[in-house]
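Single-structure report; data block below.
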Amino acid sequence: MSKLTGTHSEVSEIDFTTLTTVPGTLKVHGAPIQILDLPGIIEGANDGRGRGRQVIAVARTCNLIFIVLDVLKPLGDKKIIEVELEAFGIRLNKKPPAITVRKKDKGGIAVTNTVPLTNIDHDEIKAILSEYKLSNADVTIREPNCTSDDLVDVIEGNRVYIPAIYVLNKIDAISIEELDLLYKIPNSVPISSKEWLNVDELIEKMWEALQLVRVYTKPRGQSPDYSAPVVLRHGKSAIDDFCNAIHKEIAKQMKYAVVWGSSAKHARGQKVGLDHVLEDEDVVHIVKR
């Protein structure tokens, strides 16, 4: 954390050195990214041990989670952290299930599935709905290999789906053969913070996982400003999102926008409306009413 952002974060050979959340900012490909160094999570954190609930509550608000593990210790620590985050409603490296549950006033339970139900049947679905006192609802399942846990997640509605990277630290203390084995762990990046090994790969993995879209502004009659991009996320990168990231009133005042870049049909620029989806490194000029 200290080397990445220039912000001091206490470190030592002792576990759980960080006792409070330490924020810092790292600039990657011109985009400022805030990094939060959180206290370690212990078994029972979801039940409040070691201020675990406060720590995990902060993690729920993040767009990406680094899970830092010591390669000299059993990777059982990985499982403990996953279980604690899972219990707090955080789903790591998963997408929301393609399941909808629509409540209605009458008509009982109607289940429609567009894929085979291999892990759950209609009776189990009705039993789960009954536990949540849902006696009238339309359930549509498009999720392959849907499970009862998937259905519960949708009914509960308070789950968050966050990508995670497992940062396997202290590779300077292991052999090349052991390092090769670490690379087989999905979504992992082996590093050495002490010797500053492989940190560039970690930063690139972070950039890919965040799926950020950098958009540059172009004032009227001037060249684009490449020094301070407006940073959006993939899936929320329409002109409307771009305007709101600058100021909420801009979208109301906009007559149209001119866009140059990958999302534009013409090299000389394209006039677009609020629903136009921007791509990374596009240039935008807003024309007001």
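Things worth noting here:
- Candidate set from the stretch 168-195 (those that are among the charged types (D, E, K, R) and in contact with an Asp or Glu (Cβ under 8 Å, 6 or more places away or on another chain)); member that is surrounded by the most Cβ atoms within 10 Å (Cβ to Cβ): Lys170
- Residue count for the stretch 167-212 satisfying the condition of being free of Cβ contacts under 8 Å to residues at least 40 places away in the same chain and aromatic (Phe, Trp, Tyr): 1.
- Boolean, Glu281 is free of Cβ contacts under 8 Å to residues at least 12 places away in the same chain and not polar (S, T, N, Q): no
- Pair list, Cβ under 8 Å, 6 or more apart: the stretch 237-261 residue under 14 Å from Asp280 (Cβ atoms), other residue part of a helix (DSSP H, G or I): Val259/Ile239
- Test result for Ile165, surrounded by 15 or more Cβ atoms within 10 Å (Cβ to Cβ) and in a strand (DSSP E or B): yes
- Looking only at the stretch 77-92, and only at residues there that are under 16 Å from the mean Cα position of the chain (by Cα) and among the hydrophobic types (A, V, I, L, M, F, W, C), the one that is surrounded by the most Cβ atoms within 10 Å (Cβ to Cβ): Leu85
- Enumerated strands (runs of 3 or more DSSP E) restricted to the stretch 197-289, each holding at least 2 residues that are buried (at least 18 other Cβ atoms within 10 Å of the Cβ): 212-217, 225-233, 254-260, 282-288
- Remark: pairs (first residue in the stretch 3-29, assigned by TED's automatic domain parsing to the domain that holds Leu197; second residue at pLDDT 60 or above and loosely packed, with under 11 Cβ neighbours inside 10 Å; Cβ separation under 9 Å; 6+ apart in sequence or on different chains) = Gly24/Gly6; Thr25/Gly6; Leu26/Gly6.
For every residue, the table says whether it meets (1) in contact with a Leu (Cβ under 8 Å, 6 or more places away or on another chain); (2) at pLDDT below 90; (3) assigned to a helix (DSSP H, G or I); (4) not β-branched (Val, Ile, Thr).
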residue: Glu13; (1), (2), (3), (4): no, yes, no, yes
residue: Phe16; (1), (2), (3), (4): no, yes, no, yes
residue: Thr25; (1), (2), (3), (4): no, no, no, no
residue: Pro39; (1), (2), (3), (4): yes, yes, no, yes
residue: Ile42; (1), (2), (3), (4): no, yes, no, no
residue: Gly52; (1), (2), (3), (4): no, yes, yes, yes
residue: Val55; (1), (2), (3), (4): yes, yes, yes, no
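- Enumeration of residues in the stretch 93-102 that are crowded, with 18+ Cβ neighbours inside 10 Å and not β-branched (Val, Ile, Thr): Pro97
- Restricting attention to the stretch 119-138 and to residues that are outside any helix (DSSP H, G or I) and under 29 Å from the mean Cα position of the chain (by Cα), the residue that is surrounded by the most Cβ atoms within 10 Å (Cβ to Cβ) turns out to be Ile120.
- Hits in the stretch 254-289 - residues which are touching a Phe, Trp or Tyr at 6+ places or on another chain (Cβ under 8 Å) and closer than 18 Å to Ala31 by Cβ: Leu278, Glu281, Asp282, Val283, Val284
- Taking the listed residues Ala127, Ala98, Ala57, the one that is among the small types (Gly, Ala, Ser) and touching a residue at least 40 places away in the same chain (Cβ under 8 Å) is Ala98, with no other qualifying.
The values are calculated or read from the model by the stated rules, or taken from the named source; none is laboratory data. These numbers were taken from a predicted model, which means no experiment stands behind them. We place every Cβ from the backbone using ideal geometry, glycine too, and count neighbours over all the protein chains shown.
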